[in-house]
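Novice: Before I ask anything, here is the structure I am working with.
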Amino acid sequence: MAIPVLMPRQGQSVETCILGEWLKKKGDVVKAGDILFSYETDKASFEEDAKADGILLDVFFAEGDEVPVLVNVAVIGAIGESVDEFRPGGQVAATAPETQDTVAETVAAPEVKKVAEPSGKVKISPRAKNTAEKMGVDYQILQGSGPDGRIIERDIEAAAQVMPKLTPLAQEKAKAESLKPGETASGLGGKTIAKDLISYNPVYGDDFEVKKLTNMRKLIAKAMLTSLQNSAQLTHHMSADARKIMALRKKFKKVLDAGQISQNITINDLVCFAVIKALKKYPQVNSHFIGDSMRWFKKVHLGLAVDTDRGLMVPVVKNADDLSLEGLSAQLQAIAGQCRKGNVSPELLAPEAASFTISNLGNYGVEMFTPVINIPQTAILGVCTIVPRPKDLGDGVYGFVPMMGLSLTYDHQALDGGEATLFLREIKEQIENLTAPFPFPQ
Amino acid sequence: MPKSQFIDPSEVRKAGEITFSPVPVNQYNKSVEEEKANFSNEDLLRIYRDMVVIREFETMLNLVKIRGDYNGIAYDHPGPAHLSIGQEAAAVGMAYTLGVEDFIFGSHRSHGEILAKGLSAIAKLSDEQLMQVMESHFDGITFAPVKNRHSGTVKELAVKFLIYGTLAEIFARETGFNKGLGGSMHAFFTPFGVYPNNAIVGGSGDIAVGAALYKKVNRKPGIVVANIGDASMACGPVWEGLAFATMDQFNELWEGNMKGGLPLIINIMNNQYGMGGQTCGETAGYNIAARIGAGLNADQLHAERVDGYNPLAVIDAYKRKRKILEEKRGPVLLDVLTYRYSGHSPSDASSYRSKEEVEAWEAQDSIAWFGRELVKAGVSTEEKLTGIKGDTISLMESSLKLAIDYDISPRMDMAKYPNLIGEMMFGNESVDRMEDRTPEVNHPMAENPRVQQLAKKERFAFDENGKAHSKIKTYAYRDGIFEAIIDRFYKDPTLIAYGEENRDWGGAFAVYRGLTEALPYHRLFNSPIAEGAIVGTAIGYAMCGGRVIPEIMYCDFLGRCGDQVFNQLPKWQAMSGNVIKMPVVLRVSVGSKYGAQHSQDWTALTAQIPGLKVVFPATPYDAKGLMNAALQGTDPVIFFESQRLYDMGEMFHKGGVPEGYYEIPIGEPDIKREGKDVTILTIGATLYRAMEAADILQEKYGVSAEVIDARSLSPFNYEPVLASVKKTGRIVISGDASTRGSFMKEMAQTISELAFDDLDAPPVVVGSRNWITPAYELENSFFPCAEWLIDAIHEKIVPLKGHVVKNNFTSAEQIRRNKLGV
């Protein structure tokens, strides 16, 4: 069975590649792994190797041709096997009949008919042949409407009319992004390539600037989307009395300023410290959900969302439950710094690396949010700003107490609401009852 | 036809008899001694010298042909050499009295005549005139080789020039009199009054008549001599020429000082053989060729037989006959008896005559005899004659050496200039008038009744509402041709027109109606029904410098002037090295309704011949513009018209046919209707059937046809057609000619070659059937019509939805018809 050799799709944005050099010729014997041809994108050169043993039965493009990605470049098979079905344009024309009704009924546009079996000997006018090549129509499979069954130009035009005018990639992209073919069609045979797709809105027309995504952004986008698509997320909100934690912070600040300690211990450090304690009590939250099973981690590998110039990063502090408050604070500070500098080890950024993540937007005044789980982790804690809220101080006396908002998003696949609530309450408790791990110098 | 001539039955039915005057035969009987009163010794020696020059020239060529060597100078000449050894006295006698302004025309055996006339001209021209002639011919190219090596008198130099120019021409050298494009059988040199010699037997028989007509009509001095062989007296064109030359109208109808006969001598160089056929006793019946004159007119052409073995007898005849011509009593026929010792050509084994016969003539050899007579009369000594012979041999040797030297006498460099001959085919000139003088006309053009009538006609076929004007009110195709022609008659004084029924009747198709009133007889006259002479005389007329419109009425009569149209008209410009112009517009009308011999379109026959321009307008606008262009040029144009068209108004050119002068360039097709799906290219009147087909295609099948009118066949600019085919991808070529071998086929082939990649189907030719043209009532099954065009498109190019064919245009049918030859 002959198999086609595709022009590989070398990356998300590559529409077409330039065929560099054929290292095998039509008729050559090839073995799987033999390099067939070189090709290049506008950025780099690559080589494509054979995926099967056999004879290189036919090649459809010459060196220097611009070839749309995912289009057949060659065919490998056994001697005598037909290659016509793989000829570019063929598959497309084969889908023609579905839409043939849309062909305007003029004398120059007959019905598109196909021959059952291409005989190899095709009767076609020179003009039709040229037009076919220009439009990328596979005339071998057409039934001519000219005298004696000759394929004439109108047959090609009709076939081209019912043929999609978009490259495979463009079709995919148009569908995914609700785009439309623009005025320019810069692909082979006047096809619209993905680059030509435009988003045209009746309100603002095309009054916008398209900004290319950075790789970082693309990674984030993908991670976020994957998360929402692959988990059942919901968020519970709760708030914790922050008086104690604030007082602690104050004290640490004071001793830091006095030079009695070297580590600046922040509210975030204290929250993390509290959360680690809670996680130790609720190991089912310190976990990964992987479809038919879960990983319950023995240690807490704490991910911390860090806002950088290049975008959101979530580095991990391994074995965070082994650390003292001071040690935790130092490590959190170190990895955040590495992220901002851009020299963080990629291993520490992998979503799989952390067992739980904290995202702290408190500094920004966010009162409540729904963080997105860094799957396969099962939950993420959003830490919100501290706002004074009225509280029963006892004896019917109400006063304003600083309360810290906590938003826990969890994967309902892994955890039930009850568990999540209990866990969140545990965090609240830990925060409200946090004590200094060491006696403060007086 | 003229009403002034009354054919009285009681006169013409009277009994009576034709009487003839005796035809003189060899009556001259003076001795040299007696002629000394009329010739100086120098004159007589020059006659001797001229004969010796011819003899040696021909002997040299004979030796070059049969031995490849002349006096140790080796050369191989593969071309022809029809020699006239033995005929020298006839040639010299003919030429001796002729002035430079007297023209001679000859045959394939005319080296002797060229030299005799050239030597005669040299004797008569002053040194300054000779230098001017030699320096100016091709800017001195022919002159340079002899000039550079000469010491002596200008006349001696001119003799060298004459020998060299002729020899180089025979050897096809670029330095020859006609750049080597004429060769042995066609060499000539007009500055010495030597006009084209002709490789077609009797070819000069009508052309020379046209030259005499030119002299007469344009009041030019000099006479014209047609040197034709005794065997050519059997040729139709010679008889036609004689019939034309002896028309009564010259004396009966031509007015004022135009009254009188043509200044023409038909000089039969009677060497008594036509190749191997003996005219007296075998292939002719006249016995003595002078007898022919007796049958041609009441003057019996003043015919006589002259002893061409005595140069003085021939000179005597010429002196007497010139007087007759000067009295406008020509033409004259001379039967100059002579004999050639050489064969028809070097390959001739003389199997048709005995050795004894040749020896008997050699025993009476004119040069030997004349030499003896000169010595006898004390004009010369033997030594002097031997000296002349010796000088002549030296002259030949040096001329031969020059002519065969490839450095001095190169051939045309076709490798370096591959288009050199192509550039000679046409002059492509634009000339208002061939001569600057006031044209002779009967009244100002504005007073012409036809011109006044045309002023009232509608110059566009339709009114502003698109309704056709009545036929009678519509300015038609024939009016377009008329306007162009009358305009030129008032511009070019040399322009004349003739053909059958051209005067009084106004032409069979009324194109010339009104011209009779405008022009004196000598500018518009009726010819005999002799198409060969009509075209042949026009060629001679144009060759001498006049513009002429011969008309042969039906296209079917082209065969009657085949030699003139195929061999003469197209050839002389290039064969002369572009010295000669050929401003001839030959009007040919394609018939209809008149059956097999009056309805044929033979455009392909003329377009196939290199050297002719061929046009076939289909609308009044195009007819006038193309006729203007044809008449403005100096190249021969075959102007096809169609009897389907004469009363057609202008349907295409917005604003109608302009009243003023305009030209449509010959060779440019015209898009008559724009379309995008199929191109229909038509030749001639088929345009209108194509338009009808285009309407049906649009209305019934939604096919938009582009209709292109070829207008010209040769030259033809394919670019607009190719552009159209690029657009439509499909083309049908249609015309009224029978399909096989037609010009439509030529176009189809060329388009296939040039537009192959643009074609969606092969170019399809829809011509007439390969049959006789049937009666008018059956013409629809013979000529292409709209229905055929649509059927052909459906069957061969693009099937039309819902179309049902009525005619068989399938491939199988095409094969079948070809198998049968129908």
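Bear in mind these aren't lab numbers, they're just calculated from the coordinates by the rules spelled out. Fair warning: this is a prediction, and the values are worked out from it, not measured in the lab. Here Cβ is always computed from backbone atoms with ideal geometry, including for glycine, and neighbour counts include all displayed protein chains.
Novice: Place +1 on the Cβ of every Lys and Arg and -1 on the Cβ of every Asp and Glu in chain B, take the dipole about the Cα centre, and give the residue among B:Tyr28, B:Pro636, B:Ile163 whose Cα lies farthest towards its positive end.
Specialist: B:Pro636
Novice: Suppose only helical runs count, i.e. DSSP H with n ≥ 4. What mean residue ellipticity at 222 nm does that imply for the protein assembly as shown under -39500 (n - 2.57) per run, divided by all residues and rounded to the nearest 500 deg cm²/dmol?
Specialist: On the way: 38 runs with 414 residues, N = 1264.
That calculation yields -10000 deg cm²/dmol at 222 nm.
Novice: Remind me, what semi-axes does region A:167-294 give for its equivalent ellipsoid, largest first in whole Å, using sqrt of 5 times each Cα gyration tensor eigenvalue?
Specialist: On the way: eigenvalues 522, 99, 41 Å².
Taking √(5λ) for each eigenvalue gives 51, 22, 14 Å, largest first.
Novice: If you don't mind, there's one more thing I want to ask. From the phi angles alone, apply the Karplus equation (6.51, -1.76, 1.60; θ = phi - 60°) to region B:759-776 and give each ³J(HN,Hα) in whole Hz, x where the residue is Gly or Pro.
Specialist: 7, 9, 7, x, x, 10, 9, 10, x, 7, 5, 8, 10, 6, 6, x, 4, 3
Novice: May I pose another question? Answer with one residue from B:Gly514, B:Ile85, B:Thr537: the one whose Cα lies farthest towards the positive end of the charge dipole of chain B, charges on Cβ with Lys, Arg +1 and Asp, Glu -1.
Specialist: Most positive-ward Cα: B:Gly514.
Novice: Using θ = phi - 60° and the Karplus relation 6.51 cos²θ - 1.76 cosθ + 1.60, list the HN-Hα couplings for region B:254-265 in order, rounded to whole Hz, with x at every Gly or Pro.
Specialist: For region B:254-265, the Karplus-derived couplings read 5, 9, x, 7, 7, 5, x, x, 6, x, 9, 10 Hz, x marking Gly and Pro.
Novice: How do the peptides B:501-513, A:20-32, B:43-55 rank, highest first, by the average count of neighbouring beta carbon atoms within 10 Å per residue?
Specialist: Working: B:501-513: 20.7, A:20-32: 14.0, B:43-55: 22.6.
The most tightly packed comes first, giving B:43-55, B:501-513, A:20-32.
Novice: I've got another one for you. When only C-alpha pairs under 8 Å and at least 6 residues apart count, what is the relative contact order of chain B, in percent?
Specialist: 10 percent
Novice: Can you tell me which of B:598-609, B:15-26 comes out highest on packing, and rank the rest after it, using the mean Cβ neighbours within 10 Å? It would help to have the intermediate numbers written out before the result.
Specialist: Numbers: B:598-609: 22.8, B:15-26: 10.0.
Ranking, from highest mean packing down: B:598-609, B:15-26.
Novice: Follow-up. Add +1 for every Lys or Arg and -1 for every Asp or Glu among the other residues with Cβ under 11 Å from the Cβ of B:Ile85, and state the total.
Specialist: On the way: positive: B:Arg55, B:Arg109, B:Arg340; negative: B:Glu56, B:Glu58, B:Glu88, B:Glu362, B:Asp365.
Neighbour charge sum, excluding B:Ile85 itself: -2.
Novice: Where does the charge balance sit around B:Ile163 when Lys and Arg score +1, Asp and Glu -1, over other residues with C-beta under 14 Å from its C-beta?
Specialist: Numbers: positive: B:Arg49, B:Arg55, B:Lys117, B:Lys147, B:Arg149, B:Lys155, B:Lys160, B:Arg173, B:Lys401; negative: B:Asp50, B:Glu56, B:Glu58, B:Glu156, B:Glu169, B:Asp391, B:Glu397.
Net of charged neighbours comes to +2.
Novice: Using modelled backbone amide H atoms (1.01 Å from N, in-plane), which distant-in-sequence or interchain residues come within less than 5 Å of A:Phe356's amide H?
Specialist: The list, which skips near neighbours in sequence, is A:His301, A:Gly303.
Novice: Taking every residue in B:754-764, how many Cβ atoms of other protein chains lie within 10 Å of its Cβ, on average? Let's see the in-between values first.
Specialist: Values: counts 0, 2, 3, 5, 5, 7, 16, 9, 4, 0, 1.
Shielding by partners across B:754-764 averages 5.
Novice: Here's a follow-up. Check A:Gly20: other-chain or 5+ apart residues with amide H under 5 Å from its amide H, H built from backbone geometry?
Specialist: The list, which skips near neighbours in sequence, is A:Ser38, A:Tyr39, A:Glu40, A:Gly64.
Novice: Please figure out what share of the DSSP beta bridges in the protein assembly as shown is antiparallel and state it in percent, rounded to the nearest 5.
Specialist: Counting DSSP beta bridges with both partners in the protein assembly as shown, the antiparallel share is about 50 percent.
Novice: If you rank A:Glu432, B:Glu383, B:Glu458 by fewest surrounding Cβ atoms within 10 Å, what's the result? Walk me through the intermediate numbers first.
Specialist: Numbers: A:Glu432 15, B:Glu383 9, B:Glu458 18.
Sorted ascending by nearby Cβ count, the order is B:Glu383, A:Glu432, B:Glu458.
Novice: Here's a follow-up. Taking the dipole about the Cα centre of the protein assembly as shown, with the C-beta of Lys and Arg at +1 and of Asp and Glu at -1, give me whichever of A:Leu279, A:Gln413, B:Leu115 is farthest to the positive side.
Specialist: The listed residue farthest towards the positive side: A:Leu279.
Novice: Please work out how much length the chain gains when fully extended from B:Lys401 to B:Glu753, using 0.36 nm per residue of separation minus the C-alpha to C-alpha distance, in nm with one decimal. Walk me through the intermediate numbers first.
Specialist: Working: separation 352, 0.36 × 352 = 126.72 nm, distance 4.82 nm.
Taking 0.36 nm per residue and subtracting the Cα distance, the gain is 121.9 nm.
Novice: With the Cα gyration tensor of chain A in hand, give its eigenvalues times 5 under a square root as the equivalent ellipsoid semi-axes, listed largest first in whole angstrom. Show your work: numbers first, answer last.
Specialist: Values: eigenvalues 825, 119, 73 Å².
Equivalent-ellipsoid dimensions as semi-axes: 64, 24, 19 Å.
Novice: Under 5 Å between amide hydrogens, which residues at least 5 positions from A:Leu70 or on another chain qualify, with H placed 1.01 Å from N in the peptide plane?
Specialist: Long-range HN contacts for A:Leu70: A:Met7, A:Arg9.
Novice: May I ask what percent, to the nearest 5, of DSSP beta bridges between residues of region B:670-820 are antiparallel? Can you show the working numbers first?
Specialist: Working: 3 of 17 bridges.
In region B:670-820, approximately 20 percent of DSSP beta bridges are antiparallel ones.
Novice: While we're here: When the label point is put 7 Å from the Cα of B:Val805 along its Cα-to-beta-carbon vector, which residues of region A:144-187 have a backbone N closer than 18 Å?
Specialist: What the label zone holds, given the 18 Å backbone N cut-off, is A:144-152.
Novice: Roughly what % of DSSP beta bridges within chain B run antiparallel, to the nearest 5?
Specialist: On the way: 12 of 69 bridges.
Bridges in chain B are about 15 percent antiparallel.
Novice: Right, here's the next one. Please report the relative contact order for region A:1-86, taking Cα pairs under 8 Å with a sequence separation of at least 6, and give it as a percent rounded to a whole number. Spell out each step's value before the answer.
Specialist: Numbers: 208 pairs, mean separation 33.3, N = 86.
Contact order relative to length: 39 percent.
Novice: Can I ask one more? For region B:567-715, with only Lys/Arg (+1) and Asp/Glu (-1) charged at the beta-carbon, what is the dipole magnitude about the Cα centre, in debye rounded to 20?
Specialist: Working: 14 positive and 17 negative charges, 91 e Å.
That gives a dipole near 440 debye.
Novice: Follow-up. Report the net charge of residues surrounding B:Met134, where surrounding means a beta-carbon distance below 12 angstrom and charges are Lys +1, Arg +1, Asp -1, Glu -1.
Specialist: On the way: positive: B:Lys147, B:Lys155, B:Lys160; negative: B:Asp127, B:Glu128, B:Glu135, B:Asp139.
For residues surrounding B:Met134, the net value is -1.
Novice: Please pull out the direction-averaged projected area of region B:670-820, using the convex hull of its alpha-carbon atoms, in nm² to one decimal place.
Specialist: Values: hull surface 34.6 nm².
Taking a quarter of the hull surface, the average projection is 8.7 nm².
Novice: A further question on this structure: For a test of the definition: using alpha carbon positions, the gyration tensor, and the 1.5 limit on a/c, classify region B:171-249 as rounded, prolate or oblate. Working shown, then result.
Specialist: Details: a/c = 3.31, a/b = 1.43, b/c = 2.31.
Because a/c hits 1.5 or more and a/b fails to exceed b/c, region B:171-249 counts as oblate.
Novice: Moving on. About the Cα centre of the protein assembly as shown, what is the dipole size in debye to 20, counting +1 per Lys and Arg Cβ and -1 per Asp and Glu Cβ, all else neutral?
Specialist: Details: 135 positive and 159 negative charges, 561 e Å.
Its charge dipole is roughly 2700 debye.
Novice: Continuing with the same structure: Each residue of region B:374-380 in turn: what ³J(HN,Hα) in whole Hz from Karplus with 6.51, -1.76, 1.60 and θ = phi - 60°, glycine and Pro shown as x?
Specialist: Per-residue couplings from phi come out as 5, 5, 4, 7, x, 6, 8 Hz.
Novice: Let me ask something else. Per the Kirkwood definition applied to all pairs of different Cα atoms, how many angstroms is the hydrodynamic radius of region B:32-408? Each step should come with its number before you reach the end.
Specialist: Values: mean 1/r = 0.0479 Å⁻¹.
About 20.9 Å for region B:32-408.
Novice: How well do other chains shield peptide A:144-153, expressed as the mean number of their Cβ atoms within 10 Å of each residue Cβ?
Specialist: Values: counts 0, 3, 6, 13, 4, 0, 6, 1, 8, 8.
Other-chain Cβ atoms within 10 Å of each residue's Cβ, averaged: 5.
Novice: Run through every distinct alpha carbon pair of the protein assembly as shown and return the Kirkwood hydrodynamic radius in angstroms, one decimal place.
Specialist: Working: mean 1/r = 0.0248 Å⁻¹.
Its Kirkwood hydrodynamic radius stands at 40.4 Å.
Novice: When only Cα pairs under 8 Å and 6 or more residues apart are kept, what is the percent relative contact order across region B:32-408? Write out the running numbers ahead of the final one.
Specialist: Details: 699 pairs, mean separation 81.5, N = 377.
Answer for region B:32-408 is 22 percent.
Novice: Would region A:23-66 count as rounded, prolate or oblate if I go by the C-alpha gyration tensor, calling it rounded below 1.5 in a/c and otherwise prolate when a/b exceeds b/c, oblate otherwise?
Specialist: On the way: a/c = 3.16, a/b = 1.54, b/c = 2.05.
In terms of gyration-tensor shape, oblate.
Novice: Using just the Cα positions, wrap region B:96-178 in a convex hull and report its mean projected area in square nanometres, one decimal place. List each step's numbers first, then the result.
Specialist: On the way: hull surface 21.5 nm².
The Cα convex hull of region B:96-178, projected and averaged over all directions, gives 5.4 nm².
Novice: Let's see if you can work this out: charge +1 on each Lys and Arg Cβ, -1 on each Asp and Glu Cβ, no other charges. What is the dipole magnitude of region A:1-86 about its Cα centre, in debye to the nearest 20? Kindly include the intermediate steps, with their values, before the conclusion.
Specialist: Values: 7 positive and 17 negative charges, 40 e Å.
With only Lys, Arg, Asp and Glu charged at Cβ, the dipole is about 180 debye.
Novice: Tell me the angle of helix A:243-257 to the major Cα principal axis of chain A, expressed in degrees between 0 and 90 and rounded to the nearest ten.
Specialist: So the inclination is approximately 90 degrees.
Novice: What order do you get for A:136-148, B:206-218, B:567-579, B:132-144 when each peptide is scored by the mean count of other beta carbon atoms within 10 Å, highest first?
Specialist: On the way: A:136-148: 21.2, B:206-218: 28.8, B:567-579: 23.8, B:132-144: 16.7.
Ranking, from highest mean packing down: B:206-218, B:567-579, A:136-148, B:132-144.
Novice: Still on this structure: Roughly how crowded by other chains is peptide A:125-134, in terms of the mean Cβ count from those chains within 10 Å of each of its Cβ atoms? Before the final figure, lay out each step's value.
Specialist: On the way: counts 11, 10, 12, 4, 2, 5, 2, 0, 0, 0.
Counting other chains' Cβ atoms within 10 Å and averaging over A:125-134 gives 5.
Novice: Right, another one. Taking only the alpha-carbon positions of region B:231-327 and ignoring solvent, what does the Debye formula give for the base-10 log of I(q)/I(0) at q = 0.17 Å⁻¹?
Specialist: Results for region B:231-327 at q = 0.17 Å⁻¹ read -0.86.
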